[in-house]
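None of the figures in this text is laboratory data; all of them are computed from the coordinates on show. All values reported here derive from a predicted model rather than from experimental measurement. Glycine also receives a Cβ, built like all others from the backbone with ideal geometry; neighbour counts cover every protein chain displayed.
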Amino acid sequence: MSADRVTGADPADLYAVLKGFEGRPAAVAGVGKDPVNEPMIRHWCEAMGDTGAAYRGPGAIAPPTMLQAWTMGGLSGHTGRSQAYDELLALLDGAGYTSVVATDCEQEYERDLRPGDRITFDAVIESVSARKTTTLGTGYFVTTRTDVRAQGEPAGTHRFRILKYAPAARRGGDDRAKRPRPVVNRDNAGFWDGVAEHKLLIQRCAGCGTLRFPWLPGCGRCGAQEWDPVEVSGAGTVFSYVVMHRPVFPAFDPPYAVALIELAEGVRMVGNVVGVPYGEVRIGMPVRAEFVRVDGEWELPVFRPADGGRGGRG
C-alpha cells in the first residue's frame, strides 16, 4: 500500500500494512561518525551535571547513557540507513498521522565504551503498536532497536520509541486540550509529591552527600542506593535555553522558552521560563521557582525572573 492510497483507509487494513514493517532493517552496517572521544564525554557530563569520577582522567569510560550519542548521524544522516523506516513514516503521514514526538527509550549495556572505540551498529523496526488514543492525539507507537558494537564487540542495545499521531483538535471556547502528564514512577514519585505541596525536592546521597537531580535510584558518584530528600530554595540562573516554535502541541502556545536552570545548590533542572517575553530570556538570568496549577488538576514547577527580567547575557 503506497502513501497516496492510505488516506481514509480502514484502520485494520492500515495496521496490517504497518505490522509488515516489523523486523525490517532501519540501518545496516552503520558506522559512528566519530570514535568514542574525551571532548564529547566532557561536554555530555557538563550538560548533565554528571561529576562521576569514572568519566575523567586516565582510564576514563563514557557514561553508559551516551550509548545512542555515538550512533547519531547528524544533519547529513548515515549511509547505512535503509528505506524501510522512511517508507513507514511516509505511510503514516499519508494516513493523516503527520505529527511525531519521542516518548521514551530503553538501553541495555554489555561493555564499557572507552575513548578510541570505533562504533558500528545495525537497527531494526522492532514493533508498531495498534492505534492508540493519547492526550496529544491518536496514532501509532513505533519502536526501533539499535544493536551497538565497539571494536566489533557487542556493546549495548538501544530501543527508541516515537508516537506518530494526528493531533487532537481543539474544541471551541476556552476548553483547551490538556497538557501531557509527567511519567511518575517509583524512582521519581517523591519529587512530584513535593511539587504537589509546593516544595522543590532533590536527593542527597546518604553515602557521600552528593546532591542530585533528576531523581535516580542510585548515586552516580559512589553508587550508594540510600538517600534523603532535600528541599531547595528554588533560586537559580538560566544555564541554557531554547525557544520552542515547532512542533505545535494542542495544549501549548508557541513560541515559548524552555530553560536548563542551574539551582543555587548546584544541580540543574529543566523548566519553562514565565513572566517575561521569550525573546528576553538570557543565559545567566536570575530566576526563582514557583508553582502553577495545570488543567485544574496538578501542580507544575516553572521559573520566573527574579529581577523582573534584567540580567544575564545574550
Review point. Taking N as the number of residues in the chain, what is its alpha-carbon radius of gyration divided by 2.2 N^0.38 Å?
Key: 1.12
Revision key, fill the gap. If every Lys and Arg gets +1 and every Asp and Glu gets -1 at its Cβ, then about the Cα centre the stretch 44-145 yields a dipole, in debye to the nearest 20, of 60
Point to revise | Added length on full extension, which subtracts the Cα-Cα distance from 0.36 nm per residue, residue 12 to residue 283 | key: 92.6 nm
**Study point:** Sites matching GluC sites (Glu not before Pro) across the stretch 225-314 that sit in DSSP coil, with at most 13 neighbouring C-beta atoms within 10 Å
**Key:** 226, 297
Study note, to complete from the structure: Per the rule of 0.36 nm per residue minus the C-alpha distance, extending residue 224 to residue 290 adds in nm 20.6 nm
Check your understanding: If you average the sequence gap of Cα pairs under 8 Å that are 6 or more apart and divide by the length of the chain, what percent do you get for the contact order?
Key -> 14
**Study point:** Around residue 143: net Lys/Arg minus Asp/Glu count, Cβ-Cβ under 12 Å
**Key:** 0
Review point. How far apart, in nm, are two points set 7 Å out from the Cα along the Cα-to-Cβ line at residue 101 and at residue 151?
Key: 4.2
Exercise for review: Compute the projected area of the convex hull of the Cα atoms of the stretch 189-305, averaged over all viewing directions, and report it in nm² to one decimal place.
Suggested key: 7.8
Practice item. State the Cα centre-to-centre distance between the stretch 73-147 and the stretch 35-64 in whole Å. Key: 26
Study note, to complete from the structure: Correct response: the longest run of the chain lacking exposed trypsin sites (Lys or Arg not before Pro), defined by DSSP loop and at most 12 other Cβ within 10 Å, is 1-169
**Study point:** Listed residue (287, 18, 72) projecting farthest to the positive dipole end of the chain, Cβ model
**Key:** 287
Review point. In Å, what Rg and Dmax follow from the Cα atoms of the stretch 3-167?
Key: 18.1, 59
Practice item. With label points built 7 Å along Cα→Cβ from the Cα atoms of residue 246 and residue 299, find their separation and express it in nm. Key: 3.8
Check your understanding: Taking H as built 1.01 Å from N, whose amide H comes closer than 5 Å to the amide H of residue 113, not counting residues under 5 places away?
Key -> 62
Check your understanding: Roughly how big is the chain's charge dipole about its Cα centre, with Cβ charges of +1 (Lys, Arg) and -1 (Asp, Glu), in debye to the nearest 20?
Key -> 420
Review point. Using only the Cα atoms of the stretch 20-68, what do you get for the radius of gyration and for Dmax, in Å?
Key: 15.0, 48
Exercise for review: If a cysteine in the chain has no other Cys Cβ under 4.7 Å from its own Cβ, put it on the list, ordered by number.
Suggested key: 45, 105
Review point. Can you give the alpha-carbon Rg of the stretch 260-312 over 2.2 N^0.38 Å, where N counts its residues?
Key: 1.16
**Study point:** Helix-only mean residue ellipticity at 222 nm for the chain, each DSSP H run of n ≥ 4 adding -39500 (n - 2.57), per residue, nearest 500
**Key:** -3500 deg cm²/dmol
**Study point:** the stretch 189-305, dipole about Cα centre (Lys/Arg Cβ +1, Asp/Glu Cβ -1), debye to the nearest 20
**Key:** 420
Point to revise | Loop-located GluC sites (Glu not before Pro) in the stretch 53-150, at most 15 other Cβ atoms within 10 Å (DSSP) | key: 110
